[in-house]
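Undergrad: The structure under discussion is supplied below as structure tokens; questions concerning it will follow.
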Amino acid sequence: RAVAGELGARFLALTLADALDMWVGSADRNLREVFAEARRAAPCVVFLDEIDALGHTNKRGKPRAGHRGALNQLLSELDSVHQGGGGVVVLAATNHPWDVDPALRRPGRLDRMLLVLPPDLPAREAILHHHLRERPVSGVHVRDLAKRTEDYSGADLAHLCETAAERAQLDSARSGKARPIGSRDFEAALADVRPSTGAWLSVARNVAVFGNGDGSYDELHRYLKRRRMA
């Protein structure tokens, strides 16, 4: 959405996991309609979330059964966008780039990969401020909280704030007297809400260390080395 705003373009989003329903041909039609709408609305940014749901390959390196038609449709649409002279920009996201079909990453298609890492300290501080900006808070040192939440994703930080807020609300309801969110609420929330990125980093480490033959994951490998995880 931010990219579309910078470009002054319309924004269209499609979660591919939702597009791949049980009816044969439905995902193909959904993709065709999204790109047709994007061309009519150009300039337009098309965002395809969970791209691995469509591009996931089986152990033999082939698309999973039932996805071949949808994958072919997407490849055709990407080629059409590339040859169409501009007006439509396609972005995609995945937590598992190693599962994306290589055909999707060929030149002229989704050929540039950007690594989005867990938020660093300034980013965590900004995210916490964002989620607390309209909530009553007292005695909470956001900078210190940000230092204690390394490896927390943006969603983890949102959940942390929500958990602390719920604790303060429940305590207010029990006592009959409203009170702001305090440091004790966040201490309890930190005990309950743990970072969700650990499992992903473990998988990513295996890929970066043992499956990086073409250098696609060099940036990830450097990050893991800085963290002494590789």
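Undergrad: Quick one: in the range 191-222, of everything that is in contact with a helix residue (DSSP H, G or I) (Cβ under 7 Å, 6 or more places away or on another chain) and closer than 21 Å to residue 160 by Cβ, which residue is surrounded by the fewest Cβ atoms within 10 Å (Cβ to Cβ)?
TA: Top of the filtered list is 192.
Undergrad: Let me ask another. Only one of 180, 136 is over 26 Å from residue 223 (Cβ atoms), touching a strand residue (DSSP E or B) at 6+ places or on another chain (Cβ under 6 Å) and exposed (fewer than 15 other Cβ atoms within 10 Å of the Cβ). Can you tell me which? Show your work before the answer.
TA: Values: 136 fails: touching a strand residue (DSSP E or B) at 6+ places or on another chain (Cβ under 6 Å).
Going through 180, 136 in turn, just one is over 26 Å from residue 223 (Cβ atoms), touching a strand residue (DSSP E or B) at 6+ places or on another chain (Cβ under 6 Å) and exposed (fewer than 15 other Cβ atoms within 10 Å of the Cβ): 180.
Undergrad: Being part of a loop (DSSP other than H, G, I, E, B), in contact with a helix residue (DSSP H, G or I) (Cβ under 9 Å, 6 or more places away or on another chain) and among the polar types (S, T, N, Q), is that true of even one residue in the range 172-185?
TA: no
Undergrad: Another question, if that's okay. Considering only residues that are within 16 Å of the chain's Cα centre (by Cα) and of a type outside the set (D, E, K, R), look in the range 94-103 and name the one that is most open to solvent (accessible area, probe 1.4 Å). Outline the logic, then answer.
TA: The initial filter retains those residues of the range 94-103 that are within 16 Å of the chain's Cα centre (by Cα), namely 94-100.
From the residues that got through so far, the ones that are of a type outside the set (D, E, K, R) too are 94-98, 100.
Details: 94: 48, 95: 106, 96: 69, 97: 22, 98: 59, 100: 18 Å².
Taking the candidates together, the pick is 95.
Undergrad: Identify the residue in the range 104-124 that is touching a Pro at 6+ places or on another chain (Cβ under 9 Å) and not in a loop (DSSP other than H, G, I, E, B) and, among all such residues, is most open to solvent (accessible area, probe 1.4 Å).
TA: Filtering first and then ranking leaves 105.
Undergrad: When residue 225 is evaluated against the numbered criteria (1) outside any loop (DSSP other than H, G, I, E, B); (2) more than 30 Å from residue 90 (Cβ to Cβ); (3) charged (D, E, K, R); (4) open to solvent by less than 80 Å² (accessible area, probe 1.4 Å), which criterion, by number, is the only one it fails?
TA: (4)
Undergrad: Okay, moving on. Among the residues of the range 9-62, which ones are polar (S, T, N, Q) and modelled with pLDDT of 70 or more? Walk me through how you get there before you give the answer.
TA: Filtering the range 9-62 for residues polar (S, T, N, Q) gives 15, 26, 30, 57-58.
Correct list: 15, 26, 30.
Undergrad: Condition test on residue 164, is it under 25 Å from residue 207 (Cβ atoms), part of a helix (DSSP H, G or I) and open to solvent by less than 60 Å² (accessible area, probe 1.4 Å)? Let's see the steps before the verdict.
TA: Numbers: under 25 Å from residue 207 (Cβ atoms): no; part of a helix (DSSP H, G or I): yes; open to solvent by less than 60 Å² (accessible area, probe 1.4 Å): yes.
So residue 164 does not fit the description; no.
Undergrad: Across the range 75-93, what is the number of residues that are surrounded by fewer than 14 Cβ atoms within 10 Å (Cβ to Cβ) and outside any helix (DSSP H, G or I)?
TA: Counting residues in the range 75-93 that are surrounded by fewer than 14 Cβ atoms within 10 Å (Cβ to Cβ) and outside any helix (DSSP H, G or I) gives 4.
The values are calculated or read from the model by the stated rules, or taken from the named source; none is laboratory data. From a predicted model like this one, the values you see are computed outputs, not experimental measurements. Glycine gets a Cβ as well: all are built from the backbone with ideal geometry, and neighbour counts include every protein chain shown. Only protein heavy atoms, including side chains, enter the accessible area calculation; ligands, DNA and RNA are left aside. Shrake-Rupley method; radii C 1.70, N 1.55, O 1.52, S 1.80 Å.
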